[in-house]
1. So how do L544, L310, L83, L373 line up by other beta-carbon neighbours within 10 Å, fewest first?
2. I need the calculated FRET efficiency for the pair L322 and K248, taking r as the beta carbon distance and R₀ as 56 Å, to the nearest 0.05.
3. Under 5 Å between amide H atoms, partner at least 5 residues away or on a different chain: which partners does G224 have, H built in plane at 1.01 Å?
4. Only Lys, Arg, Asp and Glu count, each charged at its Cβ (+1, +1, -1, -1), so figure out the dipole size of the stretch 75-193 about its Cα centre, rounded to 20 debye.
5. Could you check the simple spin-label distance between N368 and E93, using points 7 Å along Cα→Cβ, in nm with one decimal?
6. With each label point set 7 Å from Cα along the Cα-Cβ vector, what nm distance links D46 and V65?
7. Given H placed on each backbone N at 1.01 Å, which residues far from L234 in sequence or on other chains put an amide H within less than 5 Å of it?
8. By counting other Cβ atoms within 10 Å of each Cβ, how are W288, W106 ranked from fewest to most?
Amino acid sequence: MKKFIARSISAKLIILFLIVSLLPFSIIGIFSYSRSKASLEKAIDDNMTSVLNSRVGHVENFITVSLDVVTTASSLSLFQDNLYNISKGIDVEKSARLLEDAMDDWASNSHVFYRAKILNLKGDVIATTKKILDDMGVNRADTDYFREGLKAPYVSEPYISLDDNVPVIAYACPVYSPVRKTEVIGVLVIHQATEAKLNKGNDFSESLGLNQMTNNTEGMGTSGETYLVNENGLIITTSRFGNDFFLKRKVNSEMIQKLLTDASLKKYNDYRGIETVGKAEMIHGTKWTMLVEYDYNEAFAPVISLSNTLLIVSAFVFVFVLLFAYFIARYFTRPIIYLTDIAEKMALGDMEQDISVSIEDEIGDLANSFITLQKTMHEKTILAKEISEGNLLINAQPLSDKDTMGYSFQTMVEKLRSQLNNIGEGISVLASSSSEIMASVSQLASSSAETATSVSETTTTVEEVKQTAIISNNKARAVSDNAIRMTEISKEGIKAIANTLEGMNRIKHQMSAIAGMVVRLSEQSQTIGEITATVTELAEQSNLLSVNAAIEAAKAGEQGKGFTVVAQEIKVLASRSKDATAQVRNILHDVQKSISSTVMATEEGGKAVDEGMKLTGLSGDAIKMLTDSVIDASNAALQIAASSQQQLEGMDQVVTAMENIREASTQTVTSTQQSVDSVNELQKVGQKLDELMKQYKLR
């Protein structure tokens, strides 16, 4: 769309007409609408403020009057005296009857409450103005009006009475003792119905009621209303649109706060979900809020009607201006479009167009200029055609000093004449040079073919040498690997010899220890022999003692029989000891023989160990020498393998170089052949140029 507007004069003219025509109209319409809306908003705001102030004042006065009634009644001497007697237990029945009579007299002269009652300090009803409800003695200690009424005068929110299911407001005030003025002896409560017709006295006016004060629709139109909400946002009076909203429908608390803090009109959805405008104000001495609302569509009906009218008129004006602009734009742009079409065809080379425009204004002048341009372009076309056919004998004359195209044609003819003369001379030189180049290139092609054959044979030979180098490199690598393994085996042999020497040393030390222990065992066996000899002597002496004891026992007679038995036992023990000693001596003799053999064997084992250590040392020296030789051989093999690898890499480089030489030779042969072909083509081009030169008329 933007591109179309940028390229279309018609679109620009139409938009310009629309802007010039509609902009003032739009400014006037918007200004009128804004002024009308502002005036209407001010009128609605003034009206709502007036209604709100009036209703709030009525409600506050009504609450103040009602609270004054209960406050005044609580100070009546009949109420205080009789309630005091009842609380102290003085003539209770008489005082209760007098209190009820006083309540009836007071109620007949009051016009603002539905019913009244007095509660003692326990919350029990002890007097009431409506005996039909039979609430005497009922305890109301759990109610707000009793708890708050003990402290100070109190006004409750509207609620449904528990006694008769009637919407009421409770006014409560403490009743003080006539003796001690600060002592509370009870609570006086009046229940005021929100509906006026329920609050009947002797000459009661039905206009006194909270609902009637808020539901007055005078000056509120068909949708305006005022109503009260409590601190939780619940509706506490009847609505103009139904009685089912009492304490059941909630108003947006955030919107209420905005209405209270900002005095300007606010548009929002009310409790029915309908767009409204409203204002709000708190009721002094309570937590209630008075709301005044109008349906938005009704309140702003004149402005809405005005906006609709402006939209319709704007639509008609827009269509009219659009059509007018279209015809004006068409009148001015149709010749331009016609000339544009002619120019496009001329740009494509069609110079035979018939231009006919009967307008005598600037567009007519433009058409005449197009006719002149067409004639000039036609002449230039004929001139260009002559030049294209090779006629350079023509004379191109410029039409004026600013005829750039005429001067260009003139210069082009002169330069073409000069260049073609030079080209003719060059063609002659080209013919002779191409023959000489052809001979040289042919000889070069023959030499390149022979060189390519030689390079191919050399490449084959180098490839065979490379294969031989690969085999040698593999064998050298195998020898190197074997040398590395032999080196590792030799190192393991050296470690084994070292371990053997260490083991032989341990055996030598163990053999020395065994020899020492055998020597000590021999010494102990000699000691055992000495002990055995001593035991033998003791056995012989014991035998002699037993003989002497037997002799002495025989001398003693009967008293010596016991000693005879002892002597006999000693003799037996001595004989056993002698026999055991003989056995020990024999065993000890055998042990000494074994020890002597062991000593000899130990000495021979020590000598064998010394010989083994000598032989092991010689083996270690031999293996060490062998290891050194293997390491030298391994290093030499590694050097051979590295040298072989370098030779192999060098052969790879030679092969690569030969491949590159062969490819270069091939490319040289190809290039030489291409040069032969190019020379042939060059000769053909020379011939064609010569033929083309014959087509131009230069002389």
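1. Taking fewest neighbouring Cβ atoms as first place, the list is L544, L373, L310, L83.
2. On the way: r = 56 Å, r/R0 = 1.00.
Computed FRET efficiency for L322 and K248 comes out at 0.50.
3. D295
4. That gives a dipole near 320 debye.
5. Between N368 and E93, the simple spin-label model gives 13.7 nm.
6. The modelled label-to-label distance comes out at 3.0 nm.
7. Long-range HN contacts for L234: V251.
8. Exposure proxy ranking, most exposed first: W106, W288.
Every read-out reported here was derived from the displayed coordinates using simple, explicitly stated rules and does not represent laboratory data. Quick caveat, the model's predicted, so the values are computed rather than measured. Note: ideal-geometry Cβ built from the backbone for every residue, glycine included; neighbour counts use all protein chains shown.
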